[in-house]
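Reading through the structure tokens given below for one structure.
The values are calculated or read from the model by the stated rules, or taken from the named source; none is laboratory data. Note that the structure is predicted; figures quoted are calculated from it, not measured. Here the Cβ positions follow ideal geometry from the backbone for every residue, glycine too, while neighbour counts run over all protein chains shown.
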Amino acid sequence: MRYELDKVDYADARVLEVNRLPGRSYFVPYPDRAAADAVALERRRYGSPLVRCLSGEWDFRFYPRPAELPDELDTDAVAWGRVTVPGCWQFQGYDRPFYVNLRYQFPFDPPRIPTTEPVGPVFSLMGEGSVGPRVYHPVDEYNFVGVYRTIFELSPHEMASGHIVSFLGVASCIDLYCNGRRVGYAEGSHNTAEFNLTPFQRVGENELLVVVRRWCTGSYLECQDMFRNNGIFRDVLLREVTLSSVWDVSTTVRREERAGRVRYRLCVGVTLLDDGEARVTLRGHGLERTAAASTHDRRVELSFDGLDVREWTAETPALYDLYVETASECVRCRVGFREVRVDGRRLLVNGRPVKLHGVNHHDTTPEAGYAMTPAQIERDALLCKRHNIDTIRTSHYPPDPLLLELCDELGVYVIDEADLETHGALVGRVPPSHGRITRDARWRERYLDRADRLFERDKLHPCVIMWSLGNESGGGCNADAMYELLRSRSGLPVHYEGAIHSRRRAYDVGSEMYPTVERVISVGEGRSSVRRLNDRPYVLCEYAHAMGVGPGGIEDYWRQIYAHEALAGGCVWEMADHAVLHEGGGYTYGGDHGEWEHDGNFCCDGIFYPDRTPSTGARVVRHAYRPLRVRHVGGDFFMVFNATSFTPGDAFTLRFEWSDGGVAELVCDVDPLRQQSLLVRPTAQGTADEGEGLRRNRMRWVTVTVTRRETGEEVSREQMALTEMAPLGAGPLERRAAFPEGCEVGEKGLVLPGVMAPAAEPLLLTRVSTDNDRDLVGNRPLEEFYDARREVVGVVRGEGSVVVTTRLVLPRHQFLCVTTYEAVAAGVLVTARLHCERGRGDLPRFGMCYRLDPSWDEVDYLGRNGESYRDMCEQAQVARVSCRVGDMTEPNIRPQESGNRMDCQYVRLSDGERRVQITAVSRPFELGVKPYSDEELRGMLHREDEVRTGTYLTVQAFQMGIGTGSCGPATRPEYRFDCREDYELSYLVSWE
Ligand code: GAL
């Protein structure tokens with residue numbers, strides 16, 4: 001079949017769409033109620049006899065030179081390849097993955113985009129980890145074209161109906177053709193685009209041709225921080241329609257509270273394809289109401305008054321069925337009764353203040369880019385629930401509609417964001433501002449289109465509690481226009497962080513990203529220098545940047561959020577690492593695919609790894625978002641704070657377990673957002689947690705496990721120390737006149753011949769930089785401490801003692817370390833004292849490292865039972881742990897320092913026969929056990945570089961906290977160590 005291809009519209013700023021149908025609610029019609037009820041949520045799109053999902057294998061032809069795309073395409077003459085729809089062509093063997101954060105891939109010259117010519121020189125203000133103007137000359141880069149073809153059959157019977165085709169997501173635009181003729185054009189990658197195929201359809205085979213361009217005019221509005229993928233990446237649905245088909249459904253719920261009694265009014269708007277009768281039934285939780293009427297001008301409004309219903313919240317996701325029935329169809333919608341309102345400085349859901357325990361969510365998978373299967377979408381929603389996350393911001397576009405359906409069902413609030421970001425417009429002006437397009441009224445129509453299609457598609461969902469105008473596009477008249485549009489159609493508050501960079505400052509809620517805790521406090525107290533943040537609720541649309549190890553310091557935000565009414569919570573950045581999975585299991589990130597510009601591993605910043613295995617970040621977030629918070633007040637008194645808004649404390653069981661074996665289980669009926677004190681004493685005896693060392697130390701703690709009574713599911717575990725740690729008793733530290741058999745002390749330190757020796761770098765002053773140890777432009781201050789020059793100043797031998805004095809010389813610092821090795825009854829007592837001779841600022845770490853053979857693989861320790869650093873340790877509890885060396889580091893996509901264990905009392909390594917033990921002496925130590933040395937780790941870029949070369953045991957007085965410096969505040973002062981202080985590290989080494 002021959003097609004005359006349009007080669008103009010995608011690059012013509014005057015064309016936004018051609019024949020695209022107006023926006024409407026997403027739903028899947030069924031022939032009748034029974035059929036609508038029979039299909040599970042994730043299958044709904046695939047289970048209706050009225051809707052055919054066209055996803056599957058399609059023909060595909062890639063044009064790396066757009067000039068080679070013929071004016072007239074003969075589909076019979078094309079040498080087609082095959083790809084899977086939905087999919088992204090960069091993940092299917094065409095072009096290659098390309099990761100950039102805040103830059104366009106083409107020269108910034110709005111509204112012009114490259115057409116057939118090569119992409120010319122691209123001016124940029126930052127790249128490869130540094131800031132500064134630069135010009136790139138990309139080679140072989142074009143506005144690539146992908147042509148998709150599929151064939152579907154229509155029987156004579158089906159020809160009696162019309163057909164509508166829906167594209168749920170195509171990047172960057174769609175030129176649609178059917179049976180030899182052009183159907184229309186649409187852009188807006190993450191917005192649904194629908195076309196009427198009825199005039200084109202015929203009996204038998206129907207050919208659908210979709211021309212997809214890498215970029216279109218709309219690409220100026222899609223400069224999000226993500227892999228820039230292309231293709232038909234969400235399902236394509238073909239819907240059969242008759243004149244009595246439902247075109248659109250809308251609902252408005254009004255909450256009325258009088259004398260403590262809550263009643264709802266539900267208005268249902270139904271639009272049919274032609275005038276006819278519509279019947280609406282509301283059913284659920286023992287309620288059933290029906291109303292029916294004929295449409296007028298295809299539309300009718302029906303309402304139900306005085307509804308005494310269960311209210312929907314993320315904590316109580318009560319849903320009702322709403323059946324919209326016509327002569328030929330039944331549309332089943334899920335309705336939730338809830339009211340979201342801003343009241344002064346409070347964000348209220350159903351009249352009560354809420355704190356959003358949120359995360360930013362991108363549609364991303366390592367196998368298919370933007371394409372997610374229903375099972376993957378469901379997994380993400382469930383992972384949120386299991387990690388106490390009750391809010392998703394759909395950064396930075398509307399998600400697959402299934403995610404919203406799941407959030408309705410499971411109970412997750414959604415900040416639903418328009419597909420909009422113009423970050424790369426920064427290069428357009430001096431001083432840089434990304435608001436240039438947002439302030440240009442010529443773009444107004446495109447902005448309004450994105451707000452319109454966001455609202456129209458998603459307006460039925462109770463989970464949506466706020467609309468968001470997009471991300472990082474500055475502020476200006478076009479954002480204002482979007483706001484007006486949304487407010488004219490919806491009662492929900494509108495969020496947009498970008499307003500902070502304009503005179504408007506904020507829409508219905510104040511919003512910022514990555515502020516310091518101090519700044520958050522000033523807003524909470526109403527004394528921000530930005531006045532418009534002081535009179536409305538405040539949301540952290542992004543905070544706690546979880547790149548690599550981290551985020552650190554999240555608890556410092558939550559203490560403030562609970563303390564201030566105006567602080568409505570926030571969304572961690574972000575849910576999952578973006579990376580590309582390869583055969584053999586390796587992952588790649590920016591720069592690994594030959595991108596001529598890229599932002600490295602800045603896309604690996606999730607609390608879950610790309611395959612959704614939780615990283616420590618997920619544990620940190622789950623802990624910070626726990627519904628009940630317990631504090632030890634003193635003696636047998638504890639304070640319980642209910643951090644929820646709607647769930648009474650007695651929905652949970654608290655189990656207290658003391659380290660010496662005492663157990664108590666109880667329920668506390670503390671009200672939401674209130675605290676209550678409790679007297680708790682052990683009522684039973686369980687197994688004691690403590691080992692010999694602890695009994696000597698008389699150390700005690702209590703661990704509180706909180707479970708949901710209804711399901712038995714554990715929601716949190718927290719631990720409180722009841723005593724300070726006392727030094728070891730004198731017994732094993734009794735001095736001896738000579739070192740025991742099996743050890744030598746030389747100028748490098750303690751050697752256990754054949755077992756353990758100081759590592760090549762035995763004294764550690766820094767760690768291998770984590771991602772959060774770098775700043776936004778890529779500086780890595782901790783690296784200043786790499787490669788200290790060691791000079792042994794003196795070795796003094798006494799009776800059963802050796803004192804080694806070492807000087808460590810660095811470009812800006814100089815330290816003296818005096819290490820004393822003393823023979824004692826139990827082994828060798830090591831005491832290292834560090835003194836700064838020159839330099840200032842922070843000392844990242846103070847520790848000593850030993851190397852053992854890789855056969856030393858068994859690790860036993862008493863300390864925090866997972867990765868933990870000063871500002872991210874409470875998610876891990878002190879416990880006795882037995883594991884392997886491989887379990888002691890974390891599989892970050894870019895290897896870096898990881899796996900630290902705080903508060904360790906002892907560690908034992910074993911090769912199955914022999915044992916070496918390090919025991920804390922004056923205070924607990926921080927432990928690291930790695931399968932490679934720090935020097936080796938420094939050179940690693942990917943997981944597969946993590947080759948085992950030994951067992952490296954690190955005993956540390958401290959490591960500084962992690963912070964979120966990669967895109968936010970660095971480690972707070974309270975988790976840092978001033979290098980001008982003197983520090984001491986002491987431990988006992990014993991072996992058998
Ligand atoms: C924010 C942006 C996100 C992401 C993040 C850093 O500024 O909104 O899209 O880029 O920084 O990972």
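Here are the numbers:
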quantity: Qualifying residue in the range 614-637 (condition: in contact with a Leu (Cβ under 6 Å, 6 or more places away or on another chain) and buried (at least 16 other Cβ atoms within 10 Å of the Cβ)); calculated: no
quantity: Strands (runs of 3 or more DSSP E) within the range 95-162 that include 1 or more residues surrounded by 15 or more Cβ atoms within 10 Å (Cβ to Cβ) and among the hydrophobic types (A, V, I, L, M, F, W, C); calculated: 122-127, 145-154
quantity: The range 779-800, residues that are in contact with a strand residue (DSSP E or B) (Cβ under 6 Å, 6 or more places away or on another chain), surrounded by fewer than 20 Cβ atoms within 10 Å (Cβ to Cβ) and small (Gly, Ala, Ser); calculated: Gly794, Gly800
quantity: Total residues in the range 332-364, condition within 16 Å of the ligand (Cβ to nearest atom) and not acidic (Asp, Glu); calculated: 6
quantity: Counted residues, the range 87-143 - those being closer than 20 Å to Gly169 by Cα, hydrophobic (A, V, I, L, M, F, W, C) and in contact with a helix residue (DSSP H, G or I) (Cβ under 9 Å, 6 or more places away or on another chain); calculated: 1
quantity: Pairs, first under 25 Å from Gln376 (Cβ atoms) in the range 406-429, second among the aromatic types (Phe, Trp, Tyr) and within 16 Å of the ligand (Cβ to nearest atom), C-beta under 7 Å, six or more apart; calculated: Glu417/Tyr397; Asp419/Tyr397
quantity: Breaking point among (1) more than 16 Å from the ligand (Cβ to nearest atom); (2) in contact with a strand residue (DSSP E or B) (Cβ under 8 Å, 6 or more places away or on another chain); (3) not β-branched (Val, Ile, Thr), for Glu542; calculated: (1)
quantity: Sole residue being within 39 Å of the chain's Cα centre (by Cα), within 21 Å of Asp74 (Cβ to Cβ) and aliphatic (A, V, I, L, M), chosen from Val212, Val165; calculated: Val212
quantity: Of residues in the range 645-691 being of a type in the set (S, T, N, Q), at pLDDT below 95 and surrounded by fewer than 17 Cβ atoms within 10 Å (Cβ to Cβ), the one nearest to the chain's Cα centre (by Cα); calculated: Thr687
quantity: Top-ranked residue of the range 425-437 - restricted to ones that are assigned to a loop (DSSP other than H, G, I, E, B) and within 16 Å of the ligand (Cβ to nearest atom), ranked as surrounded by the fewest Cβ atoms within 10 Å (Cβ to Cβ); calculated: Pro432
quantity: Residue among Arg182, Arg202 that is outside the structural domain of Gly276 (by TED's automatic domain parsing) and part of a loop (DSSP other than H, G, I, E, B); calculated: Arg202
quantity: Residues satisfying the stated conditions in the range 575-620, i.e. in a loop (DSSP other than H, G, I, E, B), of a type in the set (Val, Ile, Thr) and more than 16 Å from the ligand (Cβ to nearest atom); calculated: Thr613
quantity: Residues of the range 457-503 satisfying the condition of being touching a residue at least 40 places away in the same chain (Cβ under 8 Å), surrounded by fewer than 20 Cβ atoms within 10 Å (Cβ to Cβ) and under 25 Å from Gly169 (Cα atoms); calculated: none
quantity: Among the residues listed as Arg531, Arg527, Arg559, the single one being under 18 Å from Pro353 (Cα atoms), more than 16 Å from the ligand (Cβ to nearest atom) and among the basic types (Lys, Arg); calculated: Arg559
quantity: Matching residues, the range 41-53, being aliphatic (A, V, I, L, M), at pLDDT 95 or above and either outside any loop (DSSP other than H, G, I, E, B) or surrounded by fewer than 19 Cβ atoms within 10 Å (Cβ to Cβ) (or both); calculated: Val51
quantity: Search result, residues across the range 386-409 that are touching a Lys or Arg at 6+ places or on another chain (Cβ under 7 Å) and in a loop (DSSP other than H, G, I, E, B); calculated: His387, Asn388, Pro398, Asp400
quantity: Index of the failed condition, Leu383 passing every other in (1) more than 16 Å from the ligand (Cβ to nearest atom); (2) of a type outside the set (Phe, Trp, Tyr); (3) closer than 23 Å to Ala546 by Cβ; (4) assigned to a loop (DSSP other than H, G, I, E, B); calculated: (4)
quantity: Conditions (1) crowded, with 20+ Cβ neighbours inside 10 Å; (2) not in a loop (DSSP other than H, G, I, E, B); (3) not β-branched (Val, Ile, Thr): number failed by Ala314; calculated: (2)
quantity: Residue that is nearest to Asp76 (Cα to Cα) [pool: residues in the range 1-40 that are part of a helix (DSSP H, G or I) and hydrophobic (A, V, I, L, M, F, W, C)]; calculated: Ala11
quantity: Failed item in (1) within 16 Å of the ligand (Cβ to nearest atom); (2) in contact with a strand residue (DSSP E or B) (Cβ under 8 Å, 6 or more places away or on another chain); (3) of a type in the set (Ser, Thr, Tyr), with Thr422 passing the rest; calculated: (2)
quantity: So Arg851, is it outside any strand (DSSP E or B), under 40 Å from the mean Cα position of the chain (by Cα), in the same structural domain as Asp887 (by TED's automatic domain parsing) and not hydrophobic (A, V, I, L, M, F, W, C); calculated: no
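Table: residues versus (1) surrounded by fewer than 23 Cβ atoms within 10 Å (Cβ to Cβ); (2) without any contact (Cβ under 8 Å) to a residue 24 or more places away in the chain; (3) not hydrophobic (A, V, I, L, M, F, W, C).
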{"site": "Tyr323", "(1), (2), (3)": "yes, no, yes"}
{"site": "Arg332", "(1), (2), (3)": "yes, no, yes"}
{"site": "Val340", "(1), (2), (3)": "yes, no, no"}
{"site": "Arg345", "(1), (2), (3)": "yes, no, yes"}
{"site": "Lys355", "(1), (2), (3)": "yes, no, yes"}
{"site": "Val359", "(1), (2), (3)": "no, no, no"}
{"site": "Thr364", "(1), (2), (3)": "no, no, yes"}
{"site": "Glu367", "(1), (2), (3)": "yes, no, yes"}
{"site": "Ile377", "(1), (2), (3)": "yes, no, no"}
